[in-house]
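Remarks on the structure that follows.
The values are calculated or read from the model by the stated rules, or taken from the named source; none is laboratory data. For clarity, every value in this text was computed on a predicted model and none was experimentally measured. Cβ atoms come from the backbone with ideal geometry, glycine included; neighbour counts cover every protein chain shown.
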Amino acid sequence: MSAALLTSNPSHATGYRPIPARRPPFGQPASIYERYATQYAAFRLHACPDDRAEGLVALDLPRARHAAEVGCGPGYYAPVIAARHPTVRVTGIDNSPAQIALARQRAAQQGLGNTRFICDDACALSQPDGRFDRIVTSRLFMVVRDPRRAMVELHRVLAPGGILVVTEPVARPAINFADWAHITTPVERIFTAATFTALISSFACGACAIWETGGYRYARCRKTAD
């Protein structure tokens, strides 16, 4: 689907009604994911290059019990995992209430009873240690405020023997959300091969593989079993 078609009516492209942005705490500006919730969902789901085919294989989902998508936005990996693997519990996590509301709408429309979506901070997750045996992030580290802290948290909530898959674009896209929606947004972080490797290397106590294909860098890390 082209960006021009999406821009004309994002609610038609996404298949759900617009969600009004929630008022942020006093003195704090609403994020673009709140102010332009439906537009961003349309962009994320239809205009971004798709990394899911590669990422889903890397997750080894047939052996999974509880998977999480951290930085899920309107639900990118989580609904696909839930639909293809009905015995796997799936949790989508994002710090935007508006994006979580949209993700819940989409899951309800698809009748996905094995998935839930919650608001949480990737840099200070409220989840207990070892909660998930599979975690995937897609384009999270280009926007998260503290990438290394987020990596520490992902390691903490990943179960021993579990798998973390990280995907990040190799270059700034030809069209980003700011261009597509004609707005000004914070500059997104694009990792070089060296900085991506350094980030992944901060994943303590585990074996990691890194590769590049289809415009994305991928990392697959398995946490050392107890």
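Side notes on the structure shown:
- A single entry from I135, I118 fulfils the requirement of being part of a strand (DSSP E or B) and either within 21 Å of A58 (Cα to Cα) or touching a Phe, Trp or Tyr at 6+ places or on another chain (Cβ under 9 Å) (or both): I135.
- Of all residues in the range 201-225, those that are surrounded by 11 or more Cβ atoms within 10 Å (Cβ to Cβ) have Cβ atoms under 6 Å from Cβ atoms of residues that are assigned to a strand (DSSP E or B) and of a type in the set (V, I, T), 6 or more apart or on another chain, in Y216/T167; Y218/T167; A219/V166; A219/I210; R220/V165; R222/I163.
- Hits in the range 86-105 - residues which are part of a strand (DSSP E or B) and more than 24 Å from G215 (Cβ to Cβ): R89, V90, T91, I93
- Answer from P86, P74, P128 - the residue that is more than 19 Å from R35 (Cα to Cα) and either touching a helix residue (DSSP H, G or I) at 6+ places or on another chain (Cβ under 8 Å) or touching a residue at least 40 places away in the same chain (Cβ under 8 Å) (or both): P128
- Within the range 48-68, tally of residues that are surrounded by 20 or more Cβ atoms within 10 Å (Cβ to Cβ) and either charged (D, E, K, R) or at pLDDT below 90 (or both): 1
- Some residue of the range 168-188 being part of a strand (DSSP E or B), touching a residue at least 12 places away in the same chain (Cβ under 8 Å) and in contact with a Gly (Cβ under 8 Å, 6 or more places away or on another chain): yes
- Between C119, C123, the distinction of being surrounded by fewer than 20 Cβ atoms within 10 Å (Cβ to Cβ) and in contact with a strand residue (DSSP E or B) (Cβ under 9 Å, 6 or more places away or on another chain) belongs to C119 only.
- Test for R104: is it touching a Ser or Thr at 6+ places or on another chain (Cβ under 8 Å), of a type outside the set (D, E), over 20 Å from E188 (Cβ atoms) and free of Cβ contacts under 8 Å to residues at least 40 places away in the same chain: no
- Residue under evaluation F203, criteria (1) at pLDDT below 95; (2) outside any loop (DSSP other than H, G, I, E, B); (3) of a type in the set (F, W, Y), criterion not met: (2)
- Pick from the range 38-85, criterion hydrophobic (A, V, I, L, M, F, W, C) and outside any helix (DSSP H, G or I), ranking: farthest from G214 (Cα to Cα): A64
- Within the range 179-191, the set of residues being closer than 17 Å to R139 by Cβ and either in contact with a helix residue (DSSP H, G or I) (Cβ under 7 Å, 6 or more places away or on another chain) or at pLDDT 95 or above (or both) comprises W180, A181, T185, F191.
- Residue check for G130: more than 16 Å from the chain's Cα centre (by Cα) and not in a loop (DSSP other than H, G, I, E, B): no
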